[in-house]
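Notes follow once the structure below has been shown.
The values are calculated or read from the model by the stated rules, or taken from the named source; none is laboratory data. Nothing here was measured: the structure is a model prediction, and the numbers come from that model. Cβ: placed from backbone, ideal geometry, glycine included. Neighbour counts: every protein chain shown. Only protein heavy atoms, including side chains, enter the accessible area calculation; ligands, DNA and RNA are left aside. Shrake-Rupley method; radii C 1.70, N 1.55, O 1.52, S 1.80 Å.
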Amino acid sequence: MGRDGYPRAMMHLGRIIAGAAVLALLGGCLTVAGRAPVTRVDIVPGDLALGAPGGYCVDHSRNQRGQDSVFVLLASCAAISGDPAQPRPVFPAILTATVDLQPITAESFAEIREALPEYFARADIRATLSRDGTAQSIELLTAEQTGDMFILHARDSSQDASPALAEDLWRALYLERGYLVSVTLLALSDRPISDQAARRTLAEFVSATRRANRQGETG
């Protein structure tokens, strides 16, 4: 266990859960930019790729690669490309994915997963999830294990939130080929999404990623 009573493996989680910094990248993300649609992105060459659910494409102009993690943004292929003939998701939203580049074991992930409900209840952690950086803006609705994913549903009432984004957000954490992945689904203010639809979209993201990796589509 770490000094704060949580598994040392939680340091991996700390690198990929920040909400405010990531959401700052979303300014203008719903405007048409005319980029070519891409449905997967290479994260670790020859080892890990992320795949997009149906109707979603990767916005390469907003990807960020740091020393310890990679951030990827996905949205409607039609919106990203500026071509209305391109695919659109059944349940439109904004997806972001952050990958910790330091691999962990399945045992370490099990320790992380067990500590997550209490971890996300902490005020300092809730603050990292909010758009304005304050714990008071985040209301945790559900936090539970679903299959091999841990899914958090929260409501962000930050006053400085983008008018294009609704308050509801969902975050899924799972292990892919030894890498910890955090996926956030942000609802759109003009296209409400149900909890069931959000969970289905997150599950489709995981399935698309696993298909890409099984097929060796990391080039």
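Apply the Karplus curve 6.51 cos²θ - 1.76 cosθ + 1.60, θ = phi - 60°, to the phi angles in region 166-172 and return the couplings in whole Hz, x for Gly and Pro.
7, 6, 6, 9, 10, 10, 10
Taking a ≥ b ≥ c as the square roots of the Cα gyration tensor eigenvalues, with a/c under 1.5 meaning rounded and otherwise prolate when a/b beats b/c, else oblate, which class fits region 72-219?
oblate
So, with a 1.4 angstrom probe, what is the percent of accessible area on region 89-219 that is carbon and sulfur?
Summing carbon and sulfur atoms, their accessible area is 49 percent of the total for region 89-219.
With labels modelled as points extended 7 Å from the Cα through the Cβ direction, what inter-label distance (nm, one decimal) is found for T134 paired with R122?
My value for the distance between the label points is 2.2 nm.
Which order do H60, H12 take when ranked by solvent-accessible area (1.4 Å probe, heavy atoms of all protein chains), largest first?
Output order, biggest surface exposure first: H60, H12.
Set the Förster radius R0 to 41 Å, insert the Cβ-Cβ distance between R191 and T105 as r into 1/(1 + (r/R0)^6), and round the FRET efficiency to 0.05.
It comes out at approximately 0.55.
Using each residue's phi in region 79-87, evaluate 6.51 cos²θ - 1.76 cosθ + 1.60 at θ = phi - 60° and report the 3J(HN,Hα) Karplus result to the nearest Hz, with x for Gly and Pro.
For region 79-87, the Karplus-derived couplings read 5, 5, 7, x, 10, x, 7, 6, x Hz, x marking Gly and Pro.
Quick one: Cα centre-to-centre distance for region 103-129 and region 67-81, in angstrom?
Centre-to-centre (Cα) distance: 24 Å.
When every alpha-carbon pair in region 101-143 is counted, what percent end up more than 13 Å apart?
For region 101-143, the fraction of Cα-Cα distances above 13 Å is 60 percent.
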